[in-house]
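Okay, structure first, notes after.
No value in this document is a laboratory result; all are computed from the given coordinates. Everything numeric in this text was worked out from a predicted model, so none of it was measured. Heads up, the Cβs are rebuilt from the backbone with ideal geometry, glycines too, and the neighbour counts pull from every protein chain shown.
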Ligand SMILES: [Zn+2]
């Protein structure tokens, strides 16, 4: 009797563990909270995000013990550089970056939140202050574009028209490596 009960409990626990979605891992930097579900996705993002010699030399000085530390440091330094490029330094700038495996995941997330189909390799959610990015399509310019949206969003007290927003993001994308 007791054994059967134990087996039931084990089965229920197994079911709960298997069915529950894996919770996102969170890592925090100065500006950025990074979220991801899978170490492989994190590693791929790290490999795709080549930040150039100058920015790399900045993060080299930091004490980075894991891939996660390195990714957070890289994204933080891109946020810093984007602010310099735009010459806009919002108070208490904070944003979340969610790493998703590919474009389909970004598109699905967008559809889930907004009920609209729009193919995206990345987007910045104004209401959540969050960048959703396809790791498959990640590069410095794509990330800088979305960070450009975040910086613009958090700099102005009154939100500028969408076209201005987009221009700022494109400017950040274009000049990030200069
Ligand atoms: Zn944009």
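See the values below:
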item	result
Looking only at segment 117-147, and only at residues there that are in a helix (DSSP H, G or I) and over 10 Å from the mean Cα position of the chain (by Cα), the one that is nearest to residue 42 (Cα to Cα)	136
Search result, residues across segment 151-175 that are touching a residue at least 60 places away in the same chain (Cβ under 8 Å) and under 17 Å from the mean Cα position of the chain (by Cα)	151, 152, 154, 172
Lone qualifier among 84, 72 - being assigned to a helix (DSSP H, G or I) and within 14 Å of the chain's Cα centre (by Cα)	72
Residue satisfying condition, being more than 16 Å from the ligand (Cβ to nearest atom), assigned to a helix (DSSP H, G or I) and either within 23 Å of residue 40 (Cβ to Cβ) or out of contact with any strand residue (DSSP E or B) (no Cβ under 6 Å at 6 or more places or on another chain) (or both), within set 91, 105, 153	105
Residues (in contact with a strand residue (DSSP E or B) (Cβ under 8 Å, 6 or more places away or on another chain) and within 16 Å of the ligand (Cβ to nearest atom)) located in segment 110-119	110
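Residues are listed down the side, and each one gets a yes or a no for (1) under 15 Å from residue 81 (Cβ atoms); (2) more than 11 Å from the ligand (Cβ to nearest atom):
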{"position": "130", "(1), (2)": "no, yes"}
{"position": "139", "(1), (2)": "yes, yes"}
{"position": "145", "(1), (2)": "yes, no"}
{"position": "148", "(1), (2)": "yes, no"}
{"position": "158", "(1), (2)": "no, yes"}
{"position": "161", "(1), (2)": "no, yes"}
{"position": "173", "(1), (2)": "yes, no"}
